[in-house]
Each structure stands twice: as C-alpha cells, then as structure tokens.
Amino acid sequence: MALKLENVTKRFGSFTAVDNLSIEIPEREMFGFLGANGAGKTTTFRMILGLLDTSDGRIHWDGKKINYENSHMIGYLPEERGLYPKMKVRDQLVYLARLRGMQKQDILKQVDYWLDRFKVPEYATKKVEELSKGNQQKIQFIASVIHMPKLLILDEPFSGLDPVNVELLKEAVVDLKNAGTSIVFSSHRMEHVEELCEHLCIMHHGKPVVHGSLKEIKRSFGKKNVIVHADFDISHLKTLAGVTKVKETAEGLNLQVESEAISQKILESIAGKGFVRKFVLEEPSLNDIFIEKVGASYE
Amino acid sequence: MNKFWIILFHTYISKLKTKSFIITTLITALIVFGLANIQTIIETFDKDETKHVAVLTESDELYQAFEQTLAPMASDIVIEKMDDTEERAMEQVTAEEISGYLILKETSEGLPEGVYKAPSITDSGITSQLEQALQQLKVTIATTKAGLTSEQIDELYAPVQFSKVALEEHAKSEEELSQARGLVYVLLFVIYFAVIMYANMIAMEVATEKSSRVMEILISSVSPTKQMFGKILGIALLSLTQFAVILAVGYGSLKQRMSGMEGGFFEVFGFGDLPVSTFVYAGIFFILGYFLYATLAAFLGSLVSRIEDVQQMITPMTLLIVAAFMIAMFGLTKPESSFITITSYIPFFAPMIMFLRVGMLTLPIWEISLAIGLLVLTITLLAIFGARVYRGGVLMYGKSSSFKDIKKALQIK
C-alpha cells in the first residue's frame, strides 16, 4: 500500500509551512525525509496523519484518506518524546496499543517480545520516569510499532541512543520494512539515512530542494571529494581551479571538486613531489549534499 | 472496545488508584463521620468538665441570692464561698484547683456588681453565664426595691407573642426555611469544592499529557474530541464514586444516630427530616456545574504547554466559581432578592444560585426548567466550541499561554 502526496501545500495565515510537495512512498520501502529545523517536516507528518488538513493538494494512502478509521494501521514516533512519566511501562504500552485497536492478550505477548528483543525485560514494571533517556526511547519505539503498522512514521528515532542500541533499533526497522511496512524516516544523522533509505527528499523552507533515489541524487550532484595526505606542503591545492571547498585536517586536506576530472589534475600536481600517503576519490556524502542545498551548518 | 470507553475507563481507573484521591476521600469521609457524631464527641470530652469558681464576698445574703439564681442556669459551674483573701484565691487558681474567682460587691444603691478574674478569659461560657446570673439578680433586687410583686415582674419579662405566617400556599414556614438554609449551606459548599477540585483535575490531566508530549501519540490514534469527552466523563465517574462513598458514610452514621438527634446540631442545620428533593437537585446541579466547568477547564488546559502555566490559565474560571459561591452565600439570607433571581439564570452561576433558590424557596417548575435548559444549552455550545479549541490547542506549543491562543487554536485545522 503506497502513500502518495500530490502537490501538498499548507499555509498558516500568511506563512507557508509546506509548499507544493509531491512524493510517493511505495510499500516495503523506507523513505528519508530530511530538512533543517522548521523546514516543515512535522507539519507534513501531521498532514499525513490527518491531524491537519492540507490547504491545497491531496494525501492518500492506498487510495484512501488517512483518518481515525484506519489509525490502527499507522504507527507514529514523534520527534518530541512523550510517555506518561508516572505510569509503568507495561500499563503504558497496553493503554497505547489498545488505542491502536489491539486486544489485551495480544498486547501482553508483544510487550514481552519487544522488551526481550531490546534486552530490557526488567523494565516492564518500572515507571517511565525511572528510565534513562535512551531506554525511554526504546519504550517509545515499541509503542509506535507494537501493532505492526502498515505505515510507520519515524521522526528522529535514534536520538539519544548509544551505538549498540542504535543497531538494535535499526534491525527492528529493517525487519518491519521487509515485512511490508512503508516507512517515512526523518533524521538529522545523514549516515543513518544513507544506510537505510533508497529514496529521499530534502526540505528547505517548506519546499523540496532535492528529491529522488539516493544514487541518482549523488550522481547528479556532480561534485566529488578528494582526500590527500602527504609528507610535503600541499597548500597550493587550496587555490587550484575547480576546487570548490577546502577542509584542513590534522594529516592533510579534504577537498571538494567540481568534477572527477579535477581530481586527476590534483594527482598530477602532487605526483613526484614527495611521499603521498593517501589519495582518495570519493562520492559526495549526503551530509555534503545537505549542507550545500540547505546552506546551514549541521551537527 | 470503543476507544472512547478505553479513554474513559483509563482516566477513571488510573485516577482512582492515585494516593491523593484515596486520601481526600478518606479524610472527607472521616470529617462527615465526625460531624455526624459531633455531639457524642463533644460530650466525651466535656464529661467531667465542671468548673469551680470561688466567690469572694462580704455579704452572705448576696452570695446566697447569687447561688440561687445561678444554680438553675448553669449546671456545670459550681461556686463556693470563700472567706479568705484575694491572694489565697489567686494561689488556688495557680494550683488549678479553681477556674477563676468572682469578687461580688454591693454598690451604694444596694445593687450587686462583680469582677471575674481568671488566668485567661477565653472561656466565654463561664463569664457569660456568671454575667447573666448577676444581671438577673440585679433586676430582681432592683424591682423588689421598686415595690413590684413577683407577678408583675413575670408579666414584665414575659416575651411578646409574635409569629409569622406565609400567605403563599407552598411557601416554606419560618422553621422550614431555617432548616433548608442549613442543608443548602452545606450542599453549596460541597458543590463549590467539588466543581473547583474536579475542574482543576481535568485541566491538570490535559496539561500533563500535553507537556509530557504523550498527546502527540494519543491524537494520532484517537480524535481529540473523543479524548476530551472521554476524560471529562471519566473524571465525572470518579467524582460520583467519591460522593457515593461519602454519602454512604454520612447516611450510615446518621441512620445509626437517628434516635439521639433531637435538639442538637442536626436540628440547627436542618437535618431533622432530610428533604430528598434538595439532595436530588444538589446532584443535578452539581453534575451540570461540573460539565460546564470541566469543559471550560479541558480546553483551557489544552492551550498551555507547561504544567506551571495551568493555574494562571484557569484562574479566571476559578474566580467565576468563587463569585458564584459568594453570591450564593449572600443569597442564603436573602433568597428572594431580585439580584439572586437574575443571577440564578446566568449559566455560569446557575449551578449554585439556582440550587440555592430551589432549596430555600418554592419555585414554579418552569423557572427550574428554564435555568436547567439554559445551562444545558451553554454546556452544549461550550462543548462544541471547546472541542474545536482543544483540537488545535493540543498541537500548539509555545511559551505564551494567554487567551489570544484560543484564536490561534481555532485557526489550526
């Protein structure tokens, strides 16, 4: 079941939060939805969930509008974490899952399954406020996937987690995707998006500035990265024609070049001058593309 | 199960289990039990509280006359003539052998006068009884001096015959009115506290969900309107549970003491014969008042982002309830004034003031129906409006929390 956004626009008074956004997310696919703070991501999610009406355009999922009739097939992990601080983990999950239309017997089984999977079975009878931020995050994640949604919106799912736990949650997300869930994934951690998403969209001031498959986006970006580490002075490379960005590191230079051809000129200009310990030609990272397109410094 | 019922019972059961609910219910039940048994309690404490007062006087005649006057008036005061000095009396007071001492003298006109001395004069019971007895003695002496016979004196002091008769057929008699006043007074307090407490609870509940951001998940699975009404009804159920407990305790202990109730505290407060209709109206007006203010509280609570701002936001609402209560208190003494009549139709005041009128006066049924009708209409309008504010309010986060936000919340769709 695919999710389709067609020319979606949302205005609050004179302010346009989302401007003519069209995306399609097929079944069994994870879609990266990126953008700086205030780019209109949360507003878009709220429109997808039916909490806000669109000012223009249409959103439909499998041909239908999303509303409270089919909310049992939707999972949502909001960016701002929220659980009842005074409630015990199991009670909390039971309550939230019942509101997603599950039966109590099934919920209890699933709660045990997920708590075991995330290696925290002992938290079932603890109050949420007694848990660390990362562990609260796991509970929140369980709350959004316990009913095996067909459409899952994850807004910053990995924030506040250590690398081991990030892997645990990532595996769970990939399993859900393989089981047929369409996932909209928003993160400020570009490496997560590069790793998990085939398609993505970068929002800037409510407009999609980059949109397409990850490979195509990288290819059409054109620019490449060159890393040079050498034992002699290579500072003349900074001013070489075709070098668009320079970052000095402890061991040498990271250069952004206009095209692959420039890299060969760099290679020529340092060949035979001394000992070159490292010379690498790289695809641009999503991070580079994001910074270039959004123009803001990030993490 | 329908999601509305899930929310309703979740709210009800989770609140029922809180310590604060259990404690307030227990304390209130205890107070009700205490009030119901107040006579027994007072009697237990006062059992051997006979007060000894020494009387210093030079005239035996005066002492005897005073003793005779006092004896039928105050059974718990025992006086003793003391022929010693004042210093000796003071010693006895210090030793707590006597409560205090009275110095009786005769003025030049042959009339009695007295000074009462005690460590503290807070026990107005003793002093007023002594004063009364002395007053009576003085009158007796003065009138005897004037040459009046005791028949003439009795005639002089017999109270005038005066009684009031209401001409309206169903109007309450003076006695009934003062009884109704006591009951209405107590029930007004109950309505007042309950409405404030439960409306507050609703606002806090909504604000807690919003500030802890659980709201974001809740609204993605259940519509805000269902949530709002689920909560309001859940808390309503909670309040009814509390009342059931308190009423059961109150009724039980009253029943038990039915026989020993004449002439005491309950007669004064009009509990002698409990008028069922007053209780029924109290129930109706409490429920309506609760729904009115709970709806108001729910949407006001939906506008704040932090729990600390809740009180500030609902203060105007609380003041409205306080105002209604104040007017009702004023109305207890003048239930028929036109000010009370007019305010009893204003929906925000009606739950208390119309109840006051219903409880104290005999009203035509259309007046009651009109007030209830207006109240129900207002609740309906407020619920529709409140649900719209709530829907936008729960999505709004910001540092400001003012009434301007209502407009903003209405625009979010």
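Residue-level check: of (1) within 11 Å of another protein chain (Cβ to nearest Cβ); (2) surrounded by fewer than 20 Cβ atoms within 10 Å (Cβ to Cβ); (3) polar (S, T, N, Q), A:GLN105 misses just (1). Only one of the listed residues (B:VAL376, B:VAL358) is over 30 Å from A:GLY38 (Cβ atoms), surrounded by fewer than 15 Cβ atoms within 10 Å (Cβ to Cβ), β-branched (Val, Ile, Thr) and in contact (Cβ under 8 Å) with a residue 60 or more places away in the chain. That residue is B:VAL376. Note on segment B:197-233: residues that are crowded, with 19+ Cβ neighbours inside 10 Å and under 27 Å from the mean Cα position of the chain (by Cα) amount to 8. For segment A:1-44, a residue qualifies if it is touching a Pro at 6+ places or on another chain (Cβ under 8 Å) and either of a type in the set (Phe, Trp, Tyr) or under 16 Å from A:LYS64 (Cβ atoms) (or both), and exactly one does: A:ALA2. Annotation note: Cβ proximity below 7 Å between a residue of segment B:199-222 that is at the interface with chain A (Cβ under 7 Å from one of its Cβ atoms) and a residue that is assigned to a helix (DSSP H, G or I) and among the basic types (Lys, Arg) (sequence gap 6+ or interchain) occurs for B:VAL222/B:LYS3. Counting only residues that are within 22 Å of A:LEU108 (Cβ to Cβ), away from chain B (no Cβ under 11 Å) and part of a loop (DSSP other than H, G, I, E, B), segment A:144-158 holds 2 of them.
Just to confirm my filter: which strands (runs of 3 or more DSSP E) fall fully inside segment A:183-268 and include at least 3 residues that are exposed (fewer than 14 other Cβ atoms within 10 Å of the Cβ)?
On the way: elements: A:199-204, A:207-213, A:224-230, A:243-248, A:252-257.
By residue number, A:243-248.
Here segment A:210-229 is the region considered, the condition is being among the aliphatic types (A, V, I, L, M) and at pLDDT 85 or above, and the residue that is nearest to A:LYS10 (Cα to Cα) is A:VAL226. Within segment A:75-99, being more than 7 Å from every other protein chain (Cβ to nearest Cβ) and within 24 Å of A:VAL173 (Cβ to Cβ) holds for A:GLY75, A:LEU77, A:GLU79, A:VAL89, A:ARG90, A:GLN92, A:LEU93, A:VAL94, A:ALA97.
Looking for whichever is in a loop (DSSP other than H, G, I, E, B) and either without any contact (Cβ under 8 Å) to a residue 60 or more places away in the chain or farther than 30 Å from B:SER14 by Cβ (or both) here; the options are A:LEU51, A:LEU34, A:LEU83, A:LEU93. Which one fits?
Details: A:LEU34 fails: in a loop (DSSP other than H, G, I, E, B); A:LEU83 fails: either without any contact (Cβ under 8 Å) to a residue 60 or more places away in the chain or farther than 30 Å from B:SER14 by Cβ (or both); A:LEU93 fails: in a loop (DSSP other than H, G, I, E, B).
It is A:LEU51.
Condition check ((1) closer than 19 Å to B:LYS231 by Cβ; (2) within 11 Å of another protein chain (Cβ to nearest Cβ); (3) part of a loop (DSSP other than H, G, I, E, B)) across all residues:
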residue: B:PHE9; (1), (2), (3): yes, yes, no
residue: B:PHE21; (1), (2), (3): yes, no, no
residue: B:LEU26; (1), (2), (3): no, no, no
residue: B:LEU30; (1), (2), (3): no, no, no
residue: B:GLY34; (1), (2), (3): no, no, no
residue: B:GLN39; (1), (2), (3): no, no, no
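Would you mind stating whether B:SER401 is in contact with a helix residue (DSSP H, G or I) (Cβ under 9 Å, 6 or more places away or on another chain), among the hydroxyl-bearing types (Ser, Thr, Tyr) and at pLDDT below 85? In short, yes.
Inspection of segment B:71-85 identifies no residue that is away from every other protein chain (no Cβ under 14 Å), among the polar types (S, T, N, Q) and in contact with a helix residue (DSSP H, G or I) (Cβ under 8 Å, 6 or more places away or on another chain).
Yes/no matrix, rows are residues, columns are (1) of a type in the set (A, V, I, L, M, F, W, C); (2) more than 14 Å from chain B (Cβ to nearest Cβ); (3) surrounded by 22 or more Cβ atoms within 10 Å (Cβ to Cβ):
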{"residue": "A:ASN7", "(1), (2), (3)": "no, yes, no"}
{"residue": "A:PHE12", "(1), (2), (3)": "yes, no, no"}
{"residue": "A:GLY38", "(1), (2), (3)": "no, no, no"}
{"residue": "A:GLY57", "(1), (2), (3)": "no, yes, no"}
{"residue": "A:HIS72", "(1), (2), (3)": "no, no, no"}
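The values are calculated or read from the model by the stated rules, or taken from the named source; none is laboratory data. The model shown is predicted, which means the values in this text are computed figures rather than measured ones. Positions of Cβ are generated from backbone atoms using ideal geometry, with glycine treated the same way; all protein chains shown enter the neighbour counts.
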